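Novice: A single structure is presented below for examination.
What follows draws every value from the coordinates through simple rules; no lab data is involved. Note that the structure is a prediction, hence the values are computed from the model and not measured. Note that each Cβ is placed from the backbone with ideal geometry, even for glycine, and that neighbours are counted across all protein chains shown.
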Amino acid sequence: MSDIQQLTDLTTQVRRDILRMVHGVSSGHPGGSLGCAEFLVCLYNEVMDIKLPFTMDGKGEDLFFLSNGHISPVFYSVLARRGFFPVSELSTFRKLDTRLQGHPTPCEGLEGIRIASGSLGQGLSVAIGAALAKKLNGDSHLVYTLHGDGELQEGQIWEGAMYAAGKGVDNLIATVDYNGKQIDGPTDKVLPLGDLKAKFEAFGWSVVTIEKGNDIAAILEGLKVAKALTGKGKPVCILLHTEMGHGVDFMMGTHAWHGKAPNDEQLAKALAQNPETLGDY
Ligand SMILES: Cc1ncc(C[n+]2csc(CCOP(=O)(O)OP(=O)(O)O)c2C)c(N)n1
Ligand SMILES: [Mg+2]
C-alpha cells in the first residue's frame, strides 16, 4: 500500500463498511467514524509498523489504542481490511455473540483489540503504560492513541497528560479527533475546550496541528512531523481537525449523526456518494 489513490479507495470502502454496519443493526456511531476514516486508514496502512498475525503483547511493533471506543465501526473496518480478521465478519457488528461489540473489548479475542474502550478517558493511561513497557523492554517502536475532543473533558486525560510529560514518555503520539462536536452538540457549547494547543504545551507536550484531517496527504505529512518529534523527551499530541460525518453530505456539519444509524433511504443516498471500490463485505 502506498499511493494516495489506493488509500483514498480504501477510505471510501471503509466509509461504506461503516454505513452498512450501523444500518444493519440500526445502532452505532457513524459520525465520528466517518470523520476519522482517513486517519485510521493512513495509520494502519502507511505509518505504523505492524506485525500479523496479531499478538496481544505487541512486542517489536507499533501499537494503537482507540480511546474513543464508540467509533468502533471505523476501527473494525480498518482492522479487517488490513487483514487482522476476515472482512466478512463485519456483518456481525453489534449482533448477539459477535466479537464486534458496539464498544471494543479484548474479552472477545478479536484480533487488533488490546483494550476495552467506550468508557471515555481511559485510553491515554493504558497507552502510557504500554509506552513505558516498550522503553523497559528496549523496544524502540511507538505507541499511538486516538481520542475524541469531547473525551478531553474527562479528568483522567489530564492526569495522563501530566504523567506522560513528567516521566518523559516520548515514544507516544496521542491524536485528538478535533471535530468540535460531541454527543449533545458543539464542544464549545457543552464545555469549551479552550486553547488545546496551549494546554498540551503547558503540560509539557509537543503539539502538531493537522488542519485538514480528512485529507490523506495532509495526514501523512502531519504524522511524519509527529514521528520526527518522538524520542526528544516529550510526548507528542496531534490536533487533527476533522469533520464529523465526512463523506456523506447530510451527515456533515452537525452532531446529529454522532450515534444514529441511517434508515434504508438514507443509506442508499449515503452509499451513492461513496461508490464501492474494493468490494462490500
Ligand atoms: C466516561 C463516559 N462518559 C460519557 C460517555 C457517553 N458518551 C459517549 S460518546 C460521548 C461524546 C464524546 O464526544 P467526542 O469524544 O467528541 O466524540 P464524537 O462525538 O466527536 O465522536 C459521550 C459523552 C461515555 N462513553 N463515557
Ligand atoms: Mg468530538
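Novice: Would segment 86-94 turn up any residue that is away from ligand 2 (no atom under 16 Å from the Cβ), under 18 Å from ASP177 (Cβ atoms) and without any contact (Cβ under 8 Å) to a residue 60 or more places away in the chain?
Specialist: no
Novice: Looking at SER33, SER27, which is the one that is hydroxyl-bearing (Ser, Thr, Tyr) and buried (at least 24 other Cβ atoms within 10 Å of the Cβ)?
Specialist: Just a single option satisfies the conditions, and that option is SER33.
Novice: A further question follows. Which condition does TYR163 not pass, out of (1) of a type in the set (Ser, Thr, Tyr); (2) surrounded by fewer than 22 Cβ atoms within 10 Å (Cβ to Cβ); (3) outside any helix (DSSP H, G or I), if it passes all the others?
Specialist: All conditions pass for TYR163, except number (3).
Every residue, every condition in (1) more than 25 Å from ILE113 (Cβ to Cβ); (2) without any contact (Cβ under 8 Å) to a residue 24 or more places away in the chain; (3) touching a Pro at 6+ places or on another chain (Cβ under 6 Å), yes or no:
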residue: ILE157; (1), (2), (3): no, no, no
residue: LYS167; (1), (2), (3): yes, no, no
residue: THR209; (1), (2), (3): yes, no, no
residue: ALA226; (1), (2), (3): no, no, no
residue: MET252; (1), (2), (3): yes, yes, no
residue: TRP257; (1), (2), (3): no, no, yes
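Novice: Could I ask something else about it? For segment 55-81, give me the residue count where each residue is assigned to a loop (DSSP other than H, G, I, E, B) and surrounded by 19 or more Cβ atoms within 10 Å (Cβ to Cβ).
Specialist: Of the residues in that region, 4 qualify.
Novice: A further question follows. Filter segment 131-155 down to residues that are in contact (Cβ under 8 Å) with a residue 60 or more places away in the chain, within 15 Å of ligand 2 (Cβ to nearest atom) and assigned to a loop (DSSP other than H, G, I, E, B), then give me how many there are.
Specialist: Number of matching residues: 0.
Novice: As an exercise: evaluate VAL126 against (1) within 26 Å of PRO30 (Cβ to Cβ); (2) within 16 Å of ligand 2 (Cβ to nearest atom) and give the number of the one condition it does not meet.
Specialist: VAL126 satisfies all of (1) within 26 Å of PRO30 (Cβ to Cβ); (2) within 16 Å of ligand 2 (Cβ to nearest atom) except (2).
Novice: Out of all the residues in segment 107-126, is one or more assigned to a helix (DSSP H, G or I), within 20 Å of the chain's Cα centre (by Cα), surrounded by 23 or more Cβ atoms within 10 Å (Cβ to Cβ) and in contact (Cβ under 8 Å) with a residue 60 or more places away in the chain?
Specialist: No, because not a single residue in segment 107-126 is assigned to a helix (DSSP H, G or I), within 20 Å of the chain's Cα centre (by Cα), surrounded by 23 or more Cβ atoms within 10 Å (Cβ to Cβ) and in contact (Cβ under 8 Å) with a residue 60 or more places away in the chain.
Novice: Return the residue satisfying two criteria in turn: it lies in segment 173-214 and is under 15 Å from the mean Cα position of the chain (by Cα) and of a type outside the set (S, T, N, Q), and of such residues it is farthest from ligand 1 (Cβ to nearest atom).
Specialist: ILE173
Novice: Let me ask something else. Of all residues being aliphatic (A, V, I, L, M) and more than 16 Å from ligand 1 (Cβ to nearest atom) in segment 128-160, which is surrounded by the most Cβ atoms within 10 Å (Cβ to Cβ)? Just the residue, please.
Specialist: Ranking the candidates gives ALA131 first.
Novice: Considering GLY69, GLY102, GLY31, which residue is over 21 Å from MET252 (Cα atoms) and either of a type in the set (Gly, Ala, Ser) or in contact (Cβ under 8 Å) with a residue 24 or more places away in the chain (or both)?
Specialist: Among GLY69, GLY102, GLY31, only GLY102 is over 21 Å from MET252 (Cα atoms) and either of a type in the set (Gly, Ala, Ser) or in contact (Cβ under 8 Å) with a residue 24 or more places away in the chain (or both).
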